[in-house]
Amino acid sequence: MILFPAIDLKGGQCVRLKLGDMQQATVYNTDPAAQARSFEDQGFEWLHVVDLDGAFAGHSANGDAVEAILKATDNPVQLGGGIRTLDHIEAWLSRGLRRVILGTVAVRNPALVIEACRKFPGHVAVGIDAKGGKVAVEGWAEASELGIIELARKFEGAGVAAIIYTDIDRDGILAGINWTSTLELADAVSIPVIASGGLASLDDIRRMLQPDARKLEGAISGRALYDGRIDPTEALALIKAARTKETA
């Protein structure tokens with residue numbers, strides 16, 4: 001079980017959005033590389049990065065900030081936002097990125113995702129962002145008629161490393177993870193699922209460690225960490241204790 005701290009990039013700064021709205025962005029750090037180092041120093045093992053401008057533009061827009069993050073931390077980094085081509089995927093992986101997260105392209109061109117998994121095994125994740133129970137694309141700005149599980153099942157057996165599932169209706173407002181929908185997705189596919197959107201407190205961490213949620217790879221935390229609602233030391237201690245119990 002992994003707790004992924006999030007760095008969302010807008011205009012080269014580390015921000016958090018409210019309900020996926022680019023006009024409701026709170027700046028938490030003007031130096032994303034320093035934030036990445038801070039998360040590593042706190043004991044986190046992974047880093048989740050989203051190029052928000054890139055997600056809307058359809059191409060990388062915060063490349064310099066991402067490269068600075070990669071140089072600043074030894075932790076593996078997964079990146080989403082505006083990654084739409086095989087060349088783009090290869091370019092980021094060659095710079096040291098551990099995983100690319102494909103969102104809009106997974107809806108528009110699932111064959112490209114399958115080809116990417118074949119070409120870069122273990123390095124491709126799929127981002128499924130849902131609003132009102134339907135998949136959203138283009139940086140959450142556009143809704144589709146595609147169901148969450150319907151999309152996820154397109155990639156069964158393709159070698160997708162993980163599905164990052166975000167409930168946009170909870171993102172950035174500290175409403176708690178949508179455990180019902182997240183666990184339904186995890187039960188429906190064999191691909192590991194990472195919960196995202198709304199993680200609010202240590203109660204969500206404890207819920208993540210319950211037996212029925214152990215199938216998850218982990219969860220992503222943003223605003224709750226930045227606002228101090230989750231103490232990193234305590235959260236990571238809970239996860240470590242659960243791991244120790246599992247292997248005992």
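Laboratory data are not the source of any read-out in this text; all were calculated from the coordinates shown. These numbers come from a predicted model, not from an experiment. All Cβ positions, glycine included, derive from the backbone under ideal geometry; neighbour counts span all protein chains shown.
The simple spin-label model puts a point 7 Å past each Cα toward its Cβ; for ASP31 and ASP74 those points are separated by 2.1 nm.
For region 1-138, evaluate the Debye formula with one uniform point scatterer on each Cα (no solvent term) and list log10 I(q)/I(0) at q = 0.11 Å⁻¹, rounded to two decimals. After summing over all Cα pairs, the log10 values are -0.37. Across THR180, THR30, THR73, mean-square fluctuation computed from a Gaussian network of the chain (C-alpha pairs under 10 Å connected) peaks at THR180. The slack between ALA111 and LYS240, meaning 0.36 nm per residue of separation minus the straight C-alpha distance, is 42.6 nm. Comparing THR85, THR104, THR166 in a Gaussian network model of the chain where C-alpha atoms under 10 Å apart are linked, the largest mean-square fluctuation is found at THR85. Ranking SER201, LEU238, TYR226 by how far each Cα lies toward the positive end of the dipole of the chain (charges on Cβ) leaves LEU238 at the top. Using Cβ point charges alone (K and R +1, D and E -1), the dipole size of region 1-78 about the Cα centre works out to roughly 200 debye.
The value for the chain of Rg(Cα) / (2.2 N^0.38 Å) is 0.92. Just to be sure I understand: of the beta bridges DSSP finds with both ends in region 18-135, what percent are antiparallel, rounded to 5? Restricted to region 18-135, the bridges split so that about 25 percent are antiparallel. For the pair THR247 and ASP64 in one chain, pulling the backbone fully straight at 0.36 nm per residue adds 61.8 nm over the alpha carbon distance. When the listed pairs LYS71/LYS215; LYS131/LYS215; LYS71/LYS240; LYS134/LYS154 are checked against a 21 Å cut-off, the alpha-carbon distance exceeds it for LYS71/LYS215; LYS131/LYS215; LYS71/LYS240.
Residues whose amide H comes within less than 5 Å of that of LEU146, counting only those at least five positions distant or on another chain, are VAL135 (H built at 1.01 Å from N in the peptide plane). The translational diffusion coefficient of region 155-248, from Stokes-Einstein at 37 °C and 0.692 mPa s with a Kirkwood hydrodynamic radius over alpha carbon pairs, comes to 239 µm²/s. Considering only GLY198, GLY147, GLY127, the Gaussian network model of the chain with Cα springs below 10 Å gives its largest mean-square fluctuation to GLY147. Taken as Cα centroids, region 95-109 and region 174-240 sit 22 Å apart, rounded to the nearest whole angstrom. Normalised by residue number, the volume inside the convex hull of the Cα atoms of region 60-141 is 99 Å³ per residue.
Around the Cα centre of the chain, unit charges on the Cβ atoms of Lys, Arg, Asp and Glu (plus for the first two, minus for the last two) sum to a dipole of about 360 debye. Here the Karplus relation 6.51 cos²θ - 1.76 cosθ + 1.60, evaluated at θ = phi - 60°, turns the backbone of region 218-230 into coupling constants of x, 8, 9, 10, x, 4, 4, 6, 5, 7, x, 6, 10 Hz, with x for every Gly and Pro. Within region 2-69, the proportion of Cα pairs with more than 16 Å between them is 43 percent. Amide H to amide H distances under 5 Å link VAL50 with ILE7, ASP8, LEU9, GLY80, where only residues 5 or more positions off or on other chains count and H is placed in the peptide plane.
Phi angles of region 7-13 translate, via the Karplus equation with coefficients 6.51, -1.76, 1.60 and θ = phi - 60°, into HN-Hα couplings of 10, 9, 9, 9, x, x, 10 Hz per residue; Gly and Pro are given as x.
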